[in-house]
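**Q** Let me give you the structure first, and then I'll get to my questions.
The values are calculated or read from the model by the stated rules, or taken from the named source; none is laboratory data. These numbers were taken from a predicted model, which means no experiment stands behind them. In this analysis, Cβ positions are derived from the backbone assuming ideal geometry, glycine residues included, and neighbour counts consider all displayed protein chains. The area values use the complete protein model at the heavy-atom level, side chains included, leaving out ligands, DNA and RNA. Shrake-Rupley method; radii C 1.70, N 1.55, O 1.52, S 1.80 Å.
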Amino acid sequence: MSKFPSAALLLGATLLIAGPAAAEGDAARGETVFKKCAACHQVGPGAKNRVGPHLTGVMGRTAGSLDGFKYSKAMTEAGNGGLVWDSASLDGYLEAPRTFIKGNRMAFPGLKDAKDRADVIAYLTLKPGQATTPAAGPAETKAADAAPTAAAPAATDQAAASHGVLHLGRVATADEIAAWDIDVRPDGAGLPAGRGTVADGEALFTERCASCHGDFGEGTGRWPVLAGGRDTLTADRPEKTIGSYWPYLSTVYDYVRRSMPFGDARSLSDDEVYAITAYLLYLNDVVTDTDFELSRDNFAEVRLPNEANFIADDRAGESHYAAKGEPCMQDCKPAAKITMRARVLDVTPEAGKDNEATTKVD
């Protein structure tokens, strides 16, 4: 018996179950929600395969059948079993990709909000090149221009301006600073409370990270390699990984917390980031015990192998950085002096006259 219902049965399920949700979907809003997917998928005229297949014309397509894309075995078997993408099947898949088709490679955790899924499905239902919303007419545009918006509050509501020497911008409010103030320092300053083990991190890494970085941090395709590379920094093509190059563990935690998983940034809890960071230490042989637990308490004790080869950034002490006066904006240097011609540097074609060659000025 087939694991998946036939295309005809799925179509019936679409009409009975997902029809109302699809009808209520807002394609314009779906285009915005789709940005969560755009890191791996393209859609529209000229769309190409990326980490995931392009989704132009996905409605009615048999799962795992797009020419030119290498699908997981699980996705191919789903298509062979009769799975066709329509409103019902897409809704189930978008809600929980790894549950709907067990064993597929998609790392995205899914869209838990039914409205988000309906809107994305409405967006994917559009024909290539079809606009999500009709263009506003002259009267609508004029009215929109005249109407006040929340993005442009009255000047009295804004923080007091303090433009600095460049006379740009204003002082950030406390709330604005708090929203961005998530950086972690090498000494552990900024770390949130939490903890995670190597074993927990392995499961999370496999689910959320391995589709790009490989099961063991070896990288897939052109995605970054995260493990290995010891003693390669003096080679012509060094392998710059966490274990071979990165200076501080705080860089790992901060980057994972701020930017990963790709296309779904800030979706990991603090404990999950600790666990994934612990697993990355294990992959790079910095720790060797799968029971090792990383937490705010022991974080600063961990040292990466290449830390000693980095030096402190002291540029802020240089005179042109330390000076707080008005910057020079005109006639700042008496004259430019030619120190080398590009032809001598062998970076321009030999045809042409000397005075036509690109020059290096000082």
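**Q** Is the range 296-312 home to any residue that is in contact (Cβ under 8 Å) with a residue 12 or more places away in the chain and within 30 Å of L166 (Cβ to Cβ)?
**A** For the range 296-312, residues in contact (Cβ under 8 Å) with a residue 12 or more places away in the chain and within 30 Å of L166 (Cβ to Cβ): absent.
**Q** Still on this structure, I have one more. Go through the residues of the range 86-93 one by one and say whether even a single one is under 23 Å from the mean Cα position of the chain (by Cα) and at pLDDT below 90.
**A** No: the range 86-93 contains no residue that is under 23 Å from the mean Cα position of the chain (by Cα) and at pLDDT below 90.
**Q** Can you name the residue in the range 313-322 that is within 25 Å of H167 (Cβ to Cβ) and open to solvent by 90 Å² or more (accessible area, probe 1.4 Å) and, of all such residues, is modelled with the lowest pLDDT?
**A** Ranking the candidates gives H320 first.
**Q** Which of the residues belonging to the range 191-207 are surrounded by 14 or more Cβ atoms within 10 Å (Cβ to Cβ) and more than 18 Å from R105 (Cα to Cα)?
**A** Matches in the range 191-207: L191, P192, G194, R195, G196, T197, V198, A199, D200.
**Q** Can you find a residue in the range 125-133 that is of a type in the set (A, V, I, L, M, F, W, C), surrounded by fewer than 20 Cβ atoms within 10 Å (Cβ to Cβ) and modelled with pLDDT under 80?
**A** Among the residues of the range 125-133, at least one is of a type in the set (A, V, I, L, M, F, W, C), surrounded by fewer than 20 Cβ atoms within 10 Å (Cβ to Cβ) and modelled with pLDDT under 80, which makes the answer yes.
Let's see how each residue does on (1) modelled with pLDDT under 90; (2) within 22 Å of the chain's Cα centre (by Cα); (3) within 20 Å of E207 (Cβ to Cβ); (4) not in a loop (DSSP other than H, G, I, E, B):
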site: P45; (1), (2), (3), (4): yes, no, no, no
site: G52; (1), (2), (3), (4): yes, yes, yes, no
site: S65; (1), (2), (3), (4): no, no, no, no
site: M75; (1), (2), (3), (4): no, no, yes, yes
site: G82; (1), (2), (3), (4): no, no, no, no
site: R98; (1), (2), (3), (4): yes, yes, yes, yes
site: F108; (1), (2), (3), (4): yes, yes, yes, no
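**Q** Go through the range 258-290 and report how many residues are within 21 Å of the chain's Cα centre (by Cα), open to solvent by 30 Å² or more (accessible area, probe 1.4 Å) and either within 24 Å of G52 (Cβ to Cβ) or hydrophobic (A, V, I, L, M, F, W, C) (or both).
**A** Looking only at that region, the number is 8.
**Q** Return yes or no: is P305 surrounded by 15 or more Cβ atoms within 10 Å (Cβ to Cβ) and assigned to a loop (DSSP other than H, G, I, E, B)?
**A** In short, yes.
**Q** Residues of the range 210-241 being open to solvent by less than 30 Å² (accessible area, probe 1.4 Å) and over 29 Å from N49 (Cα atoms), which ones? Spell out the reasoning first.
**A** Taking the range 210-241 as the starting set, the residues that turn out to be open to solvent by less than 30 Å² (accessible area, probe 1.4 Å) are 210, 212-214, 217, 219, 226-227, 229, 241.
Of everything in the range 210-241, just one residue is open to solvent by less than 30 Å² (accessible area, probe 1.4 Å) and over 29 Å from N49 (Cα atoms), namely G229.
**Q** Scan the range 323-337 and give yes if some residue there is modelled with pLDDT under 85 and in contact with a strand residue (DSSP E or B) (Cβ under 6 Å, 6 or more places away or on another chain), otherwise no.
**A** Checking the range 323-337: at least one residue is modelled with pLDDT under 85 and in contact with a strand residue (DSSP E or B) (Cβ under 6 Å, 6 or more places away or on another chain).
**Q** Criterion first (in contact (Cβ under 8 Å) with a residue 60 or more places away in the chain, among the acidic types (D, E) and not in a loop (DSSP other than H, G, I, E, B)) does E326 satisfy it?
**A** No, not satisfied.
**Q** Of all residues being within 15 Å of T251 (Cα to Cα) and assigned to a loop (DSSP other than H, G, I, E, B) in the range 291-302, which is least open to solvent (accessible area, probe 1.4 Å)? Just the residue, please.
**A** V302
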